[in-house]
1. In region A:80-100, which residues are within 23 Å of residue B:225 (Cβ to Cβ) and facing chain B (nearest Cβ under 7 Å)?
2. Residue check: is residue B:154 more than 7 Å from chain A (Cβ to nearest Cβ), touching a residue at least 40 places away in the same chain (Cβ under 8 Å) and in a loop (DSSP other than H, G, I, E, B)?
3. Against the condition within 10 Å of chain A (Cβ to nearest Cβ), surrounded by fewer than 15 Cβ atoms within 10 Å (Cβ to Cβ), out of contact with any helix residue (DSSP H, G or I) (no Cβ under 8 Å at 6 or more places or on another chain) and more than 23 Å from residue B:81 (Cα to Cα), how does residue B:183 come out, does it pass?
4. Specify which of the listed residues (B:219, B:194, B:215, B:190) is more than 10 Å from chain A (Cβ to nearest Cβ), outside any helix (DSSP H, G or I) and in contact with a helix residue (DSSP H, G or I) (Cβ under 9 Å, 6 or more places away or on another chain).
């Protein structure tokens, strides 16, 4: 018997039918773990997809409502805003407003009001009354009329003006 | 699915618009605190009251003086607290947070000073209240007024930084647009105009940094305010230059 005949005999090798039956039964009887895992996975994957779709739709609606999205400005080589006079004007106007604020900014400390910027001109106005401390009277206008007095008695006095009067 | 979409829209919208609403939140409104001439005139009223004995007059005058000084101190503390709150809420650049903390501490010191002066009132006579008033007046002129000026300038400067960031973005966009357009049409005017805008913006930025240095070095408030104003003036000039570039771009672009 040469080597080739031996190899040919290998083709005829078969498992023991009882072993085959037993193995098949064991395999079929074993708990099948992979199939339930997949079935469990499908709803969770679907849930993630559902949330993703919901977010994308929400984003789409926001873009639809606002008409813009954050990356839009980087797509075009010549930005519309560069030649848009409205945005240019708006930005320039914001600077002008800030310049105007610098004119108001340094009136704060002397006012007794806690809204000092608005009250500054009032605080700077001289105190007019003829019914104050005698030491203060010399600084006031002695010819003030009764009407003036009635009006001025309710006029606001700055903290520093009041302190000035109380220090005498 | 439909519910999820509705919830997602509400959530995304809330996040989208929430940021803007949060930034619009302002400092708490300060309490009403106004002194009138009539308040101060109470002293004269007591002094000129002929029905009072000398002792009654002194007692009443002292009571009025103490009451007025206590009110002034409360108002002054309210001012300092309001300013401190405004400063605490101010959005400042990362490299200016140390200065912000320093100023907040100084305002706390001011608050403490008022507290100390208030404590002196209990034992003071008429002359004592006069001395406290003098002390408060002198301290407010020499310490508080410059501090309040410094804080207001710092808040103003901090607000300006957003304008400088916007201008820097515009500068970048303009530069990119000009570079792109120069690649398709050689327009020397466009390049020159961009150069003007760039140099003007560089000058504005330099002045802005100078203002920051003035604030950090606690230079007199009028000096730092003048520098801030100059920086804004230069920034305003820069926008005029941007406008020139924009006009030239419009000419180059196909209609």
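Laboratory data are not the source of any read-out in this text; all were calculated from the coordinates shown. Quick caveat, the model's predicted, so the values are computed rather than measured. Neighbour counts are summed over all protein chains in view; Cβ atoms, including those assigned to glycine, are modelled from backbone coordinates with ideal geometry.
1. As a first pass, look at region A:80-100 and keep what is within 23 Å of residue B:225 (Cβ to Cβ): A:91-100.
Within region A:80-100, A:91, A:92, A:94, A:95, A:96, A:98, A:99 qualify.
2. Answer is no for this residue.
3. Answer is yes for this residue.
4. One residue alone meets the criteria, B:219.
Here is a yes/no grid of residues against (1) more than 10 Å from chain A (Cβ to nearest Cβ); (2) part of a helix (DSSP H, G or I); (3) closer than 30 Å to residue A:102 by Cβ:
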| residue | (1), (2), (3) |
| --- | --- |
| B:100 | yes, yes, yes |
| B:108 | yes, yes, yes |
| B:113 | yes, yes, yes |
| B:138 | no, yes, yes |
| B:162 | no, yes, yes |
| B:167 | no, yes, yes |
| B:178 | no, yes, no |
